[in-house]
Amino acid sequence: MDDTKDIKKLLPRIKLLEEQNNQLKSCKKFGLVFEEKREYLLLPLNDGKYQFNNNIYKYIADINGKVKTKSKKDNTYIINENIYNLIDSELGTYEKESKEYLVKESKLFEYIKQSTKTFKPIFTSKDNGVRNFISDENKPMNYLIEGDNYHSLQLLKSTHYGKVDVIYIDPPYNTGNQDFKYNDKYVDNEDGYRHSKWLTFMKKRLEVSKELLTEDGVIFISIDENENHRLRMLCDDIFGITNFVGQISVVNNLKGRSDGKHFSTCNEYLLVYSNNKSKLKVNQIKIEEEEIDEDYPFQDGTSFYKLTGFRKTGKGWERKERPYMYYPVLKKDNQFYSIKRNEFEKIYNKENKTFNDNYVEELKYKYKELEYEFFLPTNDKGEKGRWRWGFNEKFKSHHKTELETNSKNTLSVKMRATLENGDARGKLSKTVWYKAEYDTGSAGNQLKHIFNRNNNLFDNPKSSLFLKDIFYIFTHKDSIILDFFAGSGTTGQAVQQLNSEDNGNRQYILMTNNENNICEDITYERLSRINNPTKYNLDTKKVKQLPHNLTYLKTEGIDVNSEKGVENINNEK
């Protein structure tokens, strides 16, 4: 038998199996799988129109989406359709006839793709800076950036890579009810790629935003039930499943929506991911006075308090976890006492890591003879645990004033409503948030007061109190906060509200497009009005003055081969 010939015959089969194996390895067995759909991004030029670059025969899309070139007589085309319609198909088979002209999409698309290699976005000052304002030179500058948020995020990497502490976004929910545009078209429920388009749109922007976050940075994303589960899987891929911090149910319409078929929806969701959860720092929320009356029913000469078990329960409850927290506690005539230090030191042998239970029994006999009650951290099964305090630490200084026995004669410790420095005790935020001020109706009324109008200016605005609560828990006084779906500018107002309350220096960076003049007429206008309400004759009882500094920028496109492009690039260096 010729083994060499047999092996040679098997080589093609082996190669095929290797290729198939590599293909299988590259496939996801589970998780989020979707077909990414190309997004065509245009940049506005200084004249307010759209252009890919100067190398294309003046393909310019005006605000209405019409495209003009030289006439066909000059061997070019006139196109009276939105440019996105021309490049919507990637297979090159799409043709559109008009009365006079024929446009082959594939050739146009390839031409545009090659030409845009020299096309670059830049930040420019909006209207030469006439909209900027400075109210306090000692405070940081805030930024409002008009333009496509993907280009703006890419540019922001050059100045804020790894510097943003908190990101909050309220993206389109992709309800199919004209709330999400992709390639300049509304995506409706009949679109078979509805979810893929939205996920592609979000993925591009979330990947860049991750690069902007500090190591302990955190991102909050408001979303509803339409894309919540897909968004969470996407964020698991981008930020890592181990960096999932939590999902909060935010009640923003307590009465419930009347358009539901099976349930009356009264909430949305807030997804929370960190860049590195092990580094994440969280501020506890303050306990309100009404909560003190309800949750802290007892009072002594020091403060209000509640009782919690002195024996540790839950994770790490066993004495082997913290051996120096296992010791007897004595009580006599309603007073608590400690054993002697030399007695404590004989309970645990550090060298061989063993407990001297016989000696503990001797102590028990000794002190009971002296008419002391003798307490050990054991549970109902007789299993030996540990106390919450170490003997040489807090117990020696606090046992006389901070311990009590409950109705079952087990040891409890006083948890006070105030800390030792007099500050109110905090608590961790729960995963269901509700305040009357979170309601979208309340947020809408706030906008009406700011703009001194009776009609709704913005659909479903977020409450500034809701965002302020987020920033209170997850920022410090010098944090940088980014919102790249800025909408009506609620994030900017919430940041300045919190700064005014704790004398902070937080800085906001807001990004939004200017579709229907939203950036100029709503976002900027809101920030300007809260900066100086009296200038607009507003009721300062309803619109609090929040003086701050703002620079209004615009993301524009430039051909790097043009004279202006070279000049701008040199200025950036």
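Every number here is computed from the coordinates shown, using simple stated rules; none is lab data. No experiment lies behind these values; they were computed from the predicted model shown. Positions of Cβ are backbone-derived with ideal geometry, glycine not excepted, and every protein chain shown enters the neighbour counts.
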Item to check | Order by protection proxy (mean Cβ within 10 Å, highest first), peptides 212-219, 191-198, 239-246 | outcome: 212-219, 191-198, 239-246
Item to check | Theoretical FRET efficiency, 1/(1+(r/R0)^6), r = Cβ-Cβ of Met415 and Asn22, R0 51 Å, to 0.05 | outcome: 0.30
Item to check | Mean Cβ count within 10 Å, highest first, over the residues of peptides 147-154, 9-16, 487-494, 120-127 | outcome: 487-494, 147-154, 120-127, 9-16
Next on the checklist: Could you derive backbone 3J(HN,Hα) for segment 537-547 from the dihedral phi with the Karplus parameters 6.51, -1.76 and 1.60 (θ = phi - 60°), listing whole Hz in sequence and x where the residue is Gly or Pro?
Outcome noted: 6, 8, 6, 5, 6, 9, 10, 6, 6, 10, x
Checklist entry - Listed here are the pairs Lys331/Lys394; Lys163/Lys185; Lys126/Lys163; Lys312/Lys427; which of them are more than 27 Å apart at the Cα? => result Lys163/Lys185
Next on the checklist: On a full-extension model of 0.36 nm per residue, what is the gain between Tyr359 and Asn445, subtracting their alpha-carbon distance, rounded to one decimal in nm?
Outcome noted: 23.9 nm
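With a Förster radius of 22 Å, plug the Cβ-Cβ distance of Ser303 and Leu428 into 1/(1 + (r/R0)^6) and report the FRET value to the nearest 0.05.
0.60
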Checklist outcome for this item: Once phi for every residue in segment 364-377 is put through the Karplus expression 6.51 cos²θ - 1.76 cosθ + 1.60 (θ = phi - 60°), the whole-Hz ³J(HN,Hα) values, with Gly and Pro written as x, are 4, 4, 4, 6, 5, 4, 8, 6, 9, 6, 10, 10, 10, x
Checklist entry - What length, rounded to one decimal in nm, is gained on full extension from Glu351 through to Ile285, with 0.36 nm per residue of separation minus their alpha-carbon distance? => result 19.4 nm
Item to check | R0 of 60 Å, Cβ-Cβ distance Glu211-Ser407: FRET efficiency to nearest 0.05 | outcome: 0.60
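Ranked highest first by average number of other Cβ atoms within 10 Å, how do 464-475, 325-336 line up?
Values: 464-475: 21.8, 325-336: 17.2.
Output ranking for 464-475, 325-336: 464-475, 325-336.
Note the full-extension length gain between Phe133 and Gln154 as 0.36 nm times their separation in residues minus their Cα-Cα distance, in nm to one decimal.
Working: separation 21, 0.36 × 21 = 7.56 nm, distance 2.55 nm.
Gain on stretching Phe133 to Gln154: 5.0 nm.
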